[in-house]
Amino acid sequence: MHHVDVSMEAEIYGANNKLADHNAEHFKEHGVRAFDLLGAIGSGKTSLVEKIVPELKSRGLVTCAIAGDVYGDDDFQRIVATGIEAYNANTGKECHLDAHLVHHALDHLKLEGKNICFIENVGNMVCPTDFKLGAEKRIVVISTTEGDDVVNKHPMMFRDCQIAVINKIDLAEAVGCNIERMISDIKRYNPEMIIIKTNLKKGEGVKEVADAILA
């Protein structure tokens with residue numbers, strides 16, 4: 001039988017959440033609204049940042065970002081190409097960002113003069129849910145190419161987020177994905193969740209996502 005040390009697990013989460021609260025205060029002190037982006041590899045998290053930065057700029061808002069990845073700087077390079085300041089946070093063997101890594105990233109980001117900070121988590125639909133980072137809202141990005149059962153397979157992800165972005169809607173028919181089933185599953189696990197359908201390649205739905213995160 002697999003034995004789990006419950007007290008040790010509680011201690012780890014407790015320490016992380018305490019530091020997450022500290023991060024939240026740090027953002028608040030600088031007048032920055034932070035948003036945690038979660039989702040699988042290839043769902044469209046980085047694409048969302050690429051598309052939403054110009055939208056936010058058109059509204060007079062200055063954005064920065066933390067790019068979380070196990071290794072490499074591919075997403076980081078795409079994000080800085082939009083012209084915003086960002087920090088590349090590699091987790092090594094860890095499958096998620098935690099509050100300590102975000103705290104470290106904030107030592108390297110200049111929050112003065114910024115309005116928005118996106119924290120793009122590692123591409124994973126399981127591990128990140130347990131580790132709060134200090135963000136105001138959590139946004140989960142899923143795509144039709146993951147299959148219309150992706151929500152039902154990861155209920156905790158949707159119970160813990162406030163906004164769901166269903167991306168690659170243009171490919172739904174080609175991959176046999178029933179978007180209505182995805183929406184129904186989301187509402188079953190989180191009736192209050194805001195759901196937005198996007199085709200980020202063409203920028204469809206980006207304005208609606210911006211409206212939702214800023215509401």
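Cβ separations smaller than 8 Å between residues 6+ apart or across chains give the following pairs from the range 155-167 residues that are among the charged types (D, E, K, R) to residues that are open to solvent by 10 Å² or more (accessible area, probe 1.4 Å): R159/Y189; R159/N190; D160/T129; D160/R138.
Counting only residues that are open to solvent by 20 Å² or more (accessible area, probe 1.4 Å) and within 19 Å of R33 (Cβ to Cβ), give me the helices (runs of 4 or more DSSP H) lying completely in the range 139-215 with at least 2 of them.
Output list reads 206-214.
I need the full set of residues from the range 180-215 which are within 17 Å of D170 (Cα to Cα) and of a type in the set (S, T, Y), in order please. Across the range 180-215, the qualifying residue is only T198.
Report yes if some residue within the range 106-117 is within 24 Å of K18 (Cα to Cα), under 16 Å from the mean Cα position of the chain (by Cα) and at pLDDT 95 or above; otherwise report no. Scanning the range 106-117 turns up at least one residue that is within 24 Å of K18 (Cα to Cα), under 16 Å from the mean Cα position of the chain (by Cα) and at pLDDT 95 or above.
When the range 117-138 is limited to residues that are among the acidic types (D, E) and surrounded by fewer than 21 Cβ atoms within 10 Å (Cβ to Cβ), the one that is nearest to G176 (Cα to Cα) turns out to be D130. Inside the range 22-61, residues that are in a loop (DSSP other than H, G, I, E, B), surrounded by fewer than 17 Cβ atoms within 10 Å (Cβ to Cβ) and small (G, A, S) make up a count of 3.
Considering only the range 82-99, state which residues are outside any loop (DSSP other than H, G, I, E, B), under 11 Å from D69 (Cβ atoms) and open to solvent by 50 Å² or more (accessible area, probe 1.4 Å). Answer for the range 82-99, where residues must be outside any loop (DSSP other than H, G, I, E, B), under 11 Å from D69 (Cβ atoms) and open to solvent by 50 Å² or more (accessible area, probe 1.4 Å): just N90.
Within the bounds of the range 62-70, is there any residue that is assigned to a loop (DSSP other than H, G, I, E, B) and over 30 Å from L171 (Cα atoms)?
Scanning the range 62-70, I find at least one residue that is assigned to a loop (DSSP other than H, G, I, E, B) and over 30 Å from L171 (Cα atoms), so the answer is yes.
Looking at the range 117-140, is at least one residue of a type in the set (S, T, Y) and in contact with a Lys or Arg (Cβ under 9 Å, 6 or more places away or on another chain)? Yes: the range 117-140 contains one or more residues that are of a type in the set (S, T, Y) and in contact with a Lys or Arg (Cβ under 9 Å, 6 or more places away or on another chain).
The values are calculated or read from the model by the stated rules, or taken from the named source; none is laboratory data. Here the structure is a predicted model, which is why all the values come from computation and not from measurement. Note that we place each Cβ from the backbone using ideal geometry, even for glycine, and neighbour counts take in every protein chain shown. Just so you know, the surface numbers come from the protein's heavy atoms only, side chains and all, with ligands and any DNA or RNA stripped out. Shrake-Rupley method; radii C 1.70, N 1.55, O 1.52, S 1.80 Å.
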